[in-house]
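Student: Provided herewith is a single structure, encoded as structure tokens, for subsequent inquiry.
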Amino acid sequence: MTEFFIPFLVTTMLIELTLGPNMAWLALTSASEGKRSGFAAVAGIALGLAILAAASAVGLAALATRSPAMFSLLRYAGVAYLLWLAWKTWVGKDEAAADSIHKNGLSAWFRHGLLLNLLNPKAAVFFITVLPAYITQSAPVASQTLWLSASYVAIATFVHLVIVALAAQAHGWISTGNRARIVRRVFAVLLAIIAIWFLMSSA
């Protein structure tokens, strides 16, 4: 287990609670098609995350062995990405991807969730930039990557399940009045604080 495990969990939770394509799409799916369709979509998203996690474990292990300097640069790229995400969250320009195509059958929602997540740049960038920031080269990189990736998939899946279960109520409440902007900006500030903390601790 990496020494940055707890900060990684905090960062992961904040990122997953930041409004984005998966959250908006799952809320819309659950509200319009029912919880079963939403849960099927969550399963597809979880599989997509697992595929990205497996790919990152192999790539990061090779990168750490062949180019320690480049591996270190990835850690600082994670700080930059977190600050960028905080800014995009603050200004509200990170538009959520809403699905307008209605399909029948749970397998269709599973496939749609899988494809949505594999093509989601937020998920791909997380494994490329953010995750390396919480890995130490004093321990086996592959095992750390697998552990952190599995933790990320578990947290993301839990958050998605909660979104599906509460979509009808929570989605409507957050979208009312100025609440959406307030919630968005609170998460933006917290993400920025995490990024600055890591930058100072890595100096």
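Student: What about residue 178, is it at pLDDT below 75 and in contact with a Pro (Cβ under 7 Å, 6 or more places away or on another chain)?
Tutor: Numbers: at pLDDT below 75: yes; in contact with a Pro (Cβ under 7 Å, 6 or more places away or on another chain): no.
Spelling it out, it is not the case that residue 178 is at pLDDT below 75 and in contact with a Pro (Cβ under 7 Å, 6 or more places away or on another chain).
Student: Turning to a different aspect of this structure: Which residue is modelled with the highest pLDDT, if the candidates are limited to the range 126-151 and must be closer than 15 Å to residue 76 by Cα and either surrounded by fewer than 16 Cβ atoms within 10 Å (Cβ to Cβ) or not β-branched (Val, Ile, Thr) (or both)? Before you say what the answer is, go through the steps one by one.
Tutor: So the first thing to find is which residues in the range 126-151 are closer than 15 Å to residue 76 by Cα, and the list is 126-137.
Those left that are additionally either surrounded by fewer than 16 Cβ atoms within 10 Å (Cβ to Cβ) or not β-branched (Val, Ile, Thr) (or both): 126-127, 131-134, 136-137.
Numbers: 126: 78, 127: 78, 131: 82, 132: 79, 133: 81, 134: 85, 136: 79, 137: 73.
The residue in question is 134.
Student: Quick one: how many residues across the range 1-19 are within 9 Å of the chain's Cα centre (by Cα) and at pLDDT below 70? Spell out the reasoning first.
Tutor: First, the residues of the range 1-19 that are within 9 Å of the chain's Cα centre (by Cα): 12-18.
Filter again for at pLDDT below 70, leaving none.
Of the residues in that region, 0 qualify.
Yes or no, residue by residue, for (1) at pLDDT below 70; (2) buried (at least 16 other Cβ atoms within 10 Å of the Cβ):
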| position | (1), (2) |
| --- | --- |
| 59 | no, no |
| 68 | yes, no |
| 74 | yes, yes |
| 120 | yes, yes |
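Student: Can I ask one more? Looking at the range 76-115, which of the residues that are in a helix (DSSP H, G or I) and charged (D, E, K, R) is modelled with the highest pLDDT? I'd like the intermediate steps shown before the answer.
Tutor: Just the residues of the range 76-115 that are in a helix (DSSP H, G or I), to begin with: 76-91, 106-115.
Next cut, charged (D, E, K, R) only: 88, 111.
On the way: 88: 77, 111: 85.
Per the criteria, the residue is 111.
The values are calculated or read from the model by the stated rules, or taken from the named source; none is laboratory data. Predicted, not measured: the structure shown is a model, and the values here were computed from it. Glycine gets a Cβ as well: all are built from the backbone with ideal geometry, and neighbour counts include every protein chain shown.
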